[in-house]
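Visitor: Here it is: the structure, laid out below.
FYI, it's all coordinate maths here, none of it is from the lab. No experiment lies behind these values; they were computed from the predicted model shown. Cβ: placed from backbone, ideal geometry, glycine included. Neighbour counts: every protein chain shown.
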Amino acid sequence: MIANALSDAAWPVLTSLTQWWRDVGRARKLTAALSIGILCATIYAGSVLAQHIQDLFANKTAASTALYMDSVVEPLVQELVAQSSLSEQNRAALERLMSPASSGKPVIAFRIWVHDRIVFSSRGELVGREFSPSHSRARAFQGEVVANLDLDGDDDDDERALQVPILEIYAPVRQTGTNKIIALAETSELAVDLVREIHAAQYTSYAVLTSGAIGLILVLFSLMGGLQRQIGELAQQRVQDKLLNRRICRANRRVLEINEKNLRRVGEELYAGPLQLVAFAQLRLDALREAPDNLGEEVEAISAALKQCMTQIREVSTGLTPSDLRALSLAKVIGTAICLHEARTASTVSCEFRDLPQEAPFTLKSCLYQFIEQTLGNIFRHSAASAKVHVCAKCEGDRLDVELICRLQPLGSQLADAIETGGEGVRHRIEALGGMLSAQSHSDQHVSLVASFWIGEGSDRQ
């Protein structure tokens with residue numbers, strides 16, 4: 001019942017914390033994660049440093065004890081080289097020397113070990129007893145002076161019962177004149193003052209580490225706050241740049257539309273005015289040619305001039321965008337440009353359409369028509385009828401790509417530059433709509449031109 005009640009109470013708290021964490025921004029999540037990492041690193045460093053301080057203070061105390069053992073205890077235990085126990089005279093001398101009054105230290109227990117057997121102890125009932133091996137004695141028999149505040153031996157029950165800090169020191173005792181270890185001297189001292197000093201040093205290190213961690217976290221929050229403000233400003237500037245770019249593209253489309261209207265008006269006037277008048281004059285000249293007078297040569301000259309004028313007017317009108325493109329789809333606009341080119345040059349151009357939109361701005365249709373018509377004209381102008389051209393128009397997301405791939409047998413090295421140079425007017429139109437025109441020569445027999453447009457929210461449907 002209690003577990004169910006705790007679970008029911010904890011679930012709403014956990015849910016609210018999870019929802020809060022989801023609502024927190026990425027920058028704050030990163031800052032929180034780095035702060036937790038700094039705290040964990042600080043705790044780990046503090047624990048390592050605290051243990052190091054404890055070992056340093058304990059080893060400092062053990063060093064003086066080991067020096068005392070070498071100078072005082074070592075001569076009294078040399079008989080352990082030849083026998084397994086100490087004489088009564090040496091035992092009495094050790095008891096006098098290791099008393100607190102003689103050693104000047106708060107010694108509460110003293111023992112001499114040979115392997116895992118006690119050969120001398122301040123507690124007589126332990127003499128001659130063997131105990132299980134310990135890690136501290138094993139290290140001491142390797143030649144180390146071992147000091148620790150954790151009693152790990154089976155012989156330390158009485159010391160544990162005191163419930164006071166005790167420093168246990170194991171000092172190896174060597175045979176005089178050699179490095180052979182013949183016994184261990186174990187000293188247990190009261191360590192109340194030592195523990196107080198250790199704690200003071202540890203608290204100082206904790207304060208330093210904590211202050212550094214808090215300072216680092218504050219600097220981190222300050223840096224993250226500054227970066228977040230800069231990111232916000234950049235994002236706002238990006239939005240403004242997009243809006244400005246859309247306004248520029250829209251203005252360019254309006255300008256191009258006006259130009260197209262003017263050019264279309266010129267074309268319609270050419271068809272409706274000069275072309276009909278020239279045709280009427282040509283009919284009248286045909287009638288004069290049939291008359292029996294002497295104006296034959298003049299009539300022929302006028303007729304040739306009028307024919308040349310008609311040819312030039314047709315060429316000017318052909319270069320203009322047809323007025324009926326507004327009602328056509330993108331696929332039909334491209335197909336119309338290709339069909340008119342094939343009719344003029346008696347050539348064949350293959351085409352491919354992928355996912356083209358049904359509706360598009362008139363300026364985009366006009367630009368594509370001019371791009372197809374002028375590029376095909378430049379290609380066949382430089383390569384005659386040997387060119388094989390493939391037009392591929394595809395739409396992926398908001399991007400429209402129209403690519404003209406030209407293959408020749410053989411292909412002139414200057415063709416790519418000539419096509420790109422001849423289409424500068426088309427390039428300006430494409431760039432005015434926010435698009436891009438690129439021409440590449442992949443090999444001696446392969447040239448491709450790609451016109452790319454963005455037809456997303458920045459485009460106005462007309």
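Visitor: Rounded to the nearest 0.05, what FRET efficiency is calculated for Ser85 and Lys60 with R0 set to 41 Å and r the Cβ-Cβ distance?
Guide: Details: r = 34 Å, r/R0 = 0.82.
Rounded to the nearest 0.05, the efficiency is 0.75.
Visitor: Could you give the nm distance between label points at Arg129 and Gln228, where each point is 7 Å from its Cα heading toward the beta carbon?
Guide: Calculated label separation equals 6.5 nm.
Visitor: List Glu74, Glu88, Glu403, Glu431 from most exposed to least, where exposure is judged by having the fewest other Cβ atoms within 10 Å. Mind dumping the intermediate values first?
Guide: On the way: Glu74 19, Glu88 8, Glu403 16, Glu431 12.
So the ranking, lowest neighbour count to highest, is Glu88, Glu431, Glu403, Glu74.
Visitor: Under the rule a/c < 1.5 gives rounded, and otherwise a/b versus b/c splits prolate from oblate, where does the range 149-260 land using the Cα gyration tensor?
Guide: On the way: a/c = 6.59, a/b = 4.22, b/c = 1.56.
Here the range 149-260 falls in the prolate category.
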